[in-house]
1. How many residues does the range 46-62 hold that are within 22 Å of the chain's Cα centre (by Cα) and either touching a residue at least 60 places away in the same chain (Cβ under 8 Å) or surrounded by fewer than 16 Cβ atoms within 10 Å (Cβ to Cβ) (or both)?
2. Inside the range 69-169, counting only strands (runs of 3 or more DSSP E) that do not spill past its ends, which hold 1 or more residues that are at pLDDT below 90?
3. Mind listing whichever residues of the range 76-92 are touching a residue at least 24 places away in the same chain (Cβ under 8 Å) and not polar (S, T, N, Q)?
4. Kindly indicate the residue of the range 170-195 that is touching a strand residue (DSSP E or B) at 6+ places or on another chain (Cβ under 6 Å) and in a loop (DSSP other than H, G, I, E, B) and also farthest from Leu119 (Cα to Cα) among those meeting that condition.
Amino acid sequence: MALFTAFPRTLLLLALIRGVSPPTDPRVAHGGENDRATVTLDQARTLVKEREAGEDVHVVGPISVAGYNWARELEIGSGTRIMAISCNLGGGLLVFDVKGALTGFRRTSEIRSAGIFSLYGGPRLVVLTNERDDTGSGFQHWFYHLYAVDERIKELWVGESYFLNDTPPKPREERVGFVWFGPYERELWHQVRNQVTGRVRITHLRYSDAGVFTPAEHPK
């Protein structure tokens with residue numbers, strides 16, 4: 001049984017200056033600047049090493065590495081590999097075939113963790129990430145994202161992993177989410193616990209032949 005959990009991280013204070021237009025987001029790599037077909041797995045590995053060595057690397061293929069945290073490779077079978085890239089408030093997933101050619105990608109929020117799991121009767125393997133989708137002063141919101149990966153990446157499900165709203169004078173709100181697969185491989189269980197009230201909500205999801213998850217609430 002695989003279990004994921006999320007806990008708070010350092011809060012990031014975002015300041016906006018009224019009347020000044022925000023600059024173009026440097027995390028967005030435009031297609032004209034980065035043709036996805038030109039990046040191979042070996043080239044991506046080299047770019048990551050150079051970025052970690054402090055060299056002036058801004059993108060890995062279509063994924064910006066502004067605010068770079070880390071990169072990790074996942075083997076999903078038949079020689080297909082995924083490179084997960086985590087950056088401050090950004091990142092992405094790159095899919096490479098057995099020859100090392102880039103076949104697909106997806107830009108993401110900041111990835112804290114990434115793992116692979118099997119769904120019996122469903123996609124051969126799925127990727128589960130924990131991503132920080134929203135943040136602010138005294139506020140942050142993390143979500144689990146479940147992706148099916150072949151030559152492309154398809155998002156199957158999203159569920160809360162961590163929520164914090166500590167902005168006085170409002171009462172503090174905090175929730176922690178867990179997710180696990182089992183007892184049958186086609187099933188996913190998602191639990192969210194309110195850290196203030198102690199209330200627990202459990203959702204049972206089953207992967208259908210239609211390629212979607214059907215939730216069923218289990219009150220506790």
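1. Summing the residues that are within 22 Å of the chain's Cα centre (by Cα) and either touching a residue at least 60 places away in the same chain (Cβ under 8 Å) or surrounded by fewer than 16 Cβ atoms within 10 Å (Cβ to Cβ) (or both) in the range 46-62 gives 3.
2. 102-107, 110-117, 126-136, 139-149, 153-165
3. Ile76, Gly77, Arg81, Ile82, Met83, Ala84, Ile85, Cys87, Leu89, Gly90, Gly91, Gly92 - these are the residues of the range 76-92 that are touching a residue at least 24 places away in the same chain (Cβ under 8 Å) and not polar (S, T, N, Q).
4. Gln195
The values are calculated or read from the model by the stated rules, or taken from the named source; none is laboratory data. Keep in mind it's a predicted model, so treat the numbers as computed, not measured. Heads up, the Cβs are rebuilt from the backbone with ideal geometry, glycines too, and the neighbour counts pull from every protein chain shown.
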